[in-house]
Structures are given as structure tokens and as C-alpha cells.
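Only one structure is covered here, and it is reproduced in the block below.
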Amino acid sequence: MNSRYLYSFLLLIPVMALIWFIKPSETEYIEGELITSAISDKSQAVSNYERYCASCHGMHMERFVGEDREAMFNMPVDQMVAIIRDGDLNTGMPAFGDALSADEISDIATYILTDMKEASRTFDYRPAMDPVQRTERLTFRLDTLITGLEVPWGMVWLPDGDMLVGERSGQLFRFNDGIFVSVIEGLPPIFAHGQGGLLDLRLHPGYENNGWLYLSYSTYGPGGPAEGGNTAIMRARLDGNRLVDKEEIFKGLPDTRNGVHFGCRMVFCDDGYLYFSIGDRGNWDNSQDLTNHAGKIHRINDDGTIPADNPFVDHPGAMPSIWSYGHRNPQGLVKHPETGVIWSTEHGPRGGDELNIISKGLNYGWPVISYGINYNGTIITELTEKEGMEQPVIEWTPSIAPCGMTFVTGEPFMAWENSILSGSLSFRYLVRNEIEGEEVVHEEILLREIGRVRNVDMGPDGMVYVAVENPGVIYRLVPVE
């Protein structure tokens with residue numbers, strides 16, 4: 001098993017949940033190594049798992065399937081102990097050696113490799129969903145459009161109705177009404193590491209005239225894989241099922257082997273500029289440092305050049321593409337369909353996920369202010385507000401791990417007009433937030449246990465499309481009477 005999987009399974013966004021478990025057998029063999037299931041304090045092990053581990057990889061390690069899951073559950077116990085105790089700087093996993101005793105860490109490792117392993121074999125990771133979903137204001141049919149994916153990230157529709165779906169692993173697929181058409185060839189080199197890979201997809205507003213398709217992805221720096229990389233943006237055209245006329249119009253700095261917090265969502269706004277997000281890359285200090293791209297939302301022209309009125313163009317040493325800063329890891333970015341105002345969701349640490357309105361030159365506070373704490377329970381900051389730093393429209397504690405977002409528009413979903421739909425990775429559902437002006441006035445949870453929602457978007461047919469991961473499925477929501 002690749003080391004990035006061994007270490008990254010504890011990296012996921014926090015979810016607070018009770019742990020379902022069964023009585024362990026007396027002993028269990030793991031790849032020839034005898035592991036006793038004697039846990040010095042079973043109830044404490046379960047409690048610590050819920051507090052520290054489940055907040056990262058879910059109740060039943062939903063993040064991994066197939067060979068990756070088997071390899072993780074067959075890991076030698078001493079390796080599991082070392083991962084929990086020491087963490088890993090390359091992947092951004094926190095170390096728990098200072099928060100937990102050696103016995104507590106050993107108990108958690110043993111619990112994962114015995115009780116949790118057995119429980120995972122009988123758990124239904126994708127419970128059967130009622131094909132007709134009734135919500136507060138709307139009833140819709142849940143259609144399964146595409147299956148057989150892993151971690152679908154970007155979704156976009158071509159003028160002929162075909163749909164492009166990007167896999168985080170670095171593949172781009174073409175579908176027609178859910179039927180596979182082709183793999184798109186000619187993609188750039190992709191640094192598929194941890195949370196990185198092929199990320200968002202967008203069409204230029206004038207696509208029918210100029211044919212520009214935009215891809216965000218993590219890619220290597222000049223030093224190649226040994227040096228690591230950061231988020232990049234390419235524009236290209238489609239010639240049949242191959243990318244041509246490829247231009248890398250942006251490459252973020254600093255390059256690092258760290259496998260977390262790449263961002264990256266993109267949106268074209270009414271002013272014609274391309275806005276996109278980059279996370280802090282696991283280094284908190286990046287977000288307040290204007291001399292690098294990480295922890296920021298950026299604004300560029302469609303060819304990658306810098307608008308003359310960007311807020312930090314004349315700031316000595318600052319990256320001229322920066323539009324706002326003080327962000328942790330924004331994985332939702334949309335414009336209001338009527339006002340054109342940019343809204344964003346971003347991951348907090350353990351707690352403190354945020355919904356923000358993004359404005360020119362403003363500081364959104366991370367890590368100086370936050371409503372969250374560190375994954376190991378330590379305090380990041382005592383401050384939740386400070387002069388000169390923006391407050392979120394709302395914050396989610398415990399973390400929902402927001403990923404992907406869209407404003408609902410159009411006649412079929414008129415009952416949800418002026419609502420934001422956001423995916424939840426940790427709680428495995430869709431969130432609907434009703435907006436009045438610049439305030440959230442109501443929240444509704446939809447599609448509980450649908451899976452780790454990676455993206456949600458409005459299709460050209462006026463329907464809502466939801467992408468979930470592991471196993472990767474794309475659903476279509478169709479209103480019914």
C-alpha cells in the first residue's frame with residue numbers, strides 16, 4: 001500500500017459521531033502477526049476514538065474501499081501506533097503523542113484493528129435511499145446517474161449536453177446522459193497526493209466562441225515529486241476527446257510535499273474575471289503571509305494575467321493575484337446569480353467551518369481567529385474575533401466538512417430559490433441554507449447518509465447534481481409533484 005494512503009486515512013475533515021462496535025474476539029491474526037484484543041479500558045478507547053479518530057476518518061473508515069481498506073485494516077499494530085503517536089508532517093496529520101498516553105494510543109490502535117475491522121465488514125456504507133425524497137418545501141426523485149467512480153471532484157457540461165467528470169486521481173471522463181463516452185486524454189502532470197489531484201472544472205463564459213475549458217489541479221514544482229507541488233490552473237481546448245492548446249495560466253507557491261489543503265474551487269464572475277481558492281497547504285502561517293499564494297482566494301484575467309485593480313498589486317512583495325486572505329481551506333466558491341456577490345465555504349479544524357461572503361482585500365482571520373480547535377484537542381487561538389478580521393456569515397461546530405456548493409436557481413427548484421446547497425464530507429449529507437440579503441435565515445439537512453458529498457452543482461437542464469465519493473456516484477435530483 002502506498003504510504004500516502006497509510007498516513008492519509010486519519011486526515012479527513014472532522015465528524016462528531018457515536019461509534020457502533022461489537023464485542024471483540026479473543027485474538028486475531030493480521031498478516032501473520034498475532035494481535036490480542038485485550039484493551040485496558042474499552043470504554044475509554046471508544047471514547048478516545050470518537051473524540052480524536054472518528055473526527056478524521058468517520059465511524060467506519062468510510063474514506064477507503066477495496067484494497068486500500070484491506071491494507072489499512074491489515075496494518076501491523078506497531079505501525080498503527082506510530083502513526084497515531086507521531087503523525088506525519090508530509091501529509092499534515094497531527095501527532096497525538098502529547099494528547100494521549102502510550103496506553104491510550106495502544107488501545108485505540110488495537111480497537112481499530114479488531115472491533116472496528118469486524119464492524120466495518122457488516123456496515124452498509126451506502127444505505128438504500130428512498131427514491132422519492134420529501135423535504136420541507138420540495139419533493140424530488142433521486143436518480144442514480146453515474147456509478148463506478150472513486151472520488152469525483154469537478155463536474156461541467158458541454159454545450160452539446162455531454163458531461164465532463166474529473167476524478168481526483170487524475171482522470172477526466174466524458175458522459176452522455178450518464179452513459180460513459182470516453183476518457184479525455186492529454187491532461188497535464190498531476191500531483192495526486194493526499195487531498196491533491198485533479199480538482200475543479202469550469203467553462204469560460206464565452207465557451208461556445210472560444211472553447212476554453214479550465215482545470216484546477218495539484219502539480220509538481222520545478223524539482224519534481226521530491227520537492228512536492230501546489231495548486232495550478234490550466235486552460236485548454238477539446239479536440240474530440242483530447243486536450244489541445246494547453247496553457248498553464250497559474251501555478252501556486254510554495255511547493256511542498258504536504259498532502260493537504262490544496263483548495264481549489266473556481267468561479268467566473270460577472271466582471272469576467274476568474275476567482276479561485278487555495279488552502280493554507282497545512283501551514284497556518286501561510287494564510288496571513290501575502291508573499292505566497294496559500295490560504296487565499298485569487299482573481300486573475302481569463303488568460304492568467306493580473307487585473308490592475310487587484311487589492312495587493314502595489315503592495316511590496318505581495319502576490320498580485322490575491323483577492324482575499326486569512327483562509328484555511330476553501331472548497332466551495334460560487335457567485336450569487338442575481339447580485340454577483342461571491343460566497344465561499346471553508347474547512348475549519350475541529351469545529352469552526354465557515355460560510356463567508358468574499359470581498360476585495362479583506363482578511364478572514366485564520367489562524368489568528370477561529371471557532372475551532374486543533375484535531376488533538378489543543379487550542380489554536382483564544383480569539384474568535386478581532387478588529388480588521390471578518391466574521392463568517394455562519395460557522396459550523398461540530399464541523400460538517402463543507403465541499404462543493406451552488407446557488408439554486410430556475411423554475412424546477414423555485415421552492416429553494418435563493419438557497420445555497422453545500423456538501424458535507426463528514427456527516428454524509430447535503431445542507432440547504434436559505435439566504436436573505438447577506439444572512440442565513442434557515443438551514444435544512446437533506447439526503448442523510450447519501451455519502452461523502454464532494455460536489456453539488458446546477459446542470460443546464462435545471463436539475464441539481466450531487467457527487468459523492470467511495471464509492472463514487474453522481475445523483476440527479478428531479479422535482480416531482
| query | Can you find a residue in segment 194-202 that is touching a helix residue (DSSP H, G or I) at 6+ places or on another chain (Cβ under 7 Å), more than 19 Å from D245 (Cβ to Cβ) and assigned by TED's automatic domain parsing to the domain that holds W153? | reply | yes
| Among the residues of segment 348-363, is any at pLDDT 95 or above, within 17 Å of M266 (Cβ to Cβ) and in contact with a strand residue (DSSP E or B) (Cβ under 7 Å, 6 or more places away or on another chain)? | yes
| Unique match (being at pLDDT below 95 and buried (at least 21 other Cβ atoms within 10 Å of the Cβ)) among V260, V165 | V260
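Yes or no, residue by residue, for (1) without any contact (Cβ under 8 Å) to a residue 40 or more places away in the chain; (2) over 22 Å from E346 (Cβ atoms); (3) not in a loop (DSSP other than H, G, I, E, B):
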position	(1), (2), (3)
T381	yes, no, no
I400	no, no, no
C403	no, no, yes
E444	no, no, yes
R448	yes, yes, no
P460	no, yes, no
V473	no, yes, yes
R476	no, yes, yes
| field | Complete set of residues in segment 98-113 that are surrounded by fewer than 22 Cβ atoms within 10 Å (Cβ to Cβ) and either acidic (D, E) or part of a loop (DSSP other than H, G, I, E, B) (or both) | value | D98, A99, L100, S101, D103, E104
| query | Of these, I112, I108, which one is in the same structural domain as R51 (by TED's automatic domain parsing), touching a Leu at 6+ places or on another chain (Cβ under 8 Å) and over 16 Å from P471 (Cβ atoms)? | reply | I108
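I379: crowded, with 24+ Cβ neighbours inside 10 Å and more than 16 Å from Y475 (Cβ to Cβ), yes or no?
Against the criterion (crowded, with 24+ Cβ neighbours inside 10 Å and more than 16 Å from Y475 (Cβ to Cβ)), I379 does not qualify.
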| message | With the requirement that a residue be modelled with pLDDT under 95 and either in a loop (DSSP other than H, G, I, E, B) or in contact with a Cys (Cβ under 6 Å, 6 or more places away or on another chain) (or both), what does segment 197-233 give you? | response | G221, P222, G223, E227, G228
| said: Among the residues of segment 382-399, are any closer than 19 Å to Q195 by Cβ, touching a Gly at 6+ places or on another chain (Cβ under 7 Å) and surrounded by 18 or more Cβ atoms within 10 Å (Cβ to Cβ)? | reply: yes
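The values are calculated or read from the model by the stated rules, or taken from the named source; none is laboratory data. Values in this document were obtained by computation on a predicted structure and should not be read as measured data. Every residue, glycine among them, receives a Cβ derived from its backbone with ideal geometry; neighbour counts consider all protein chains shown.
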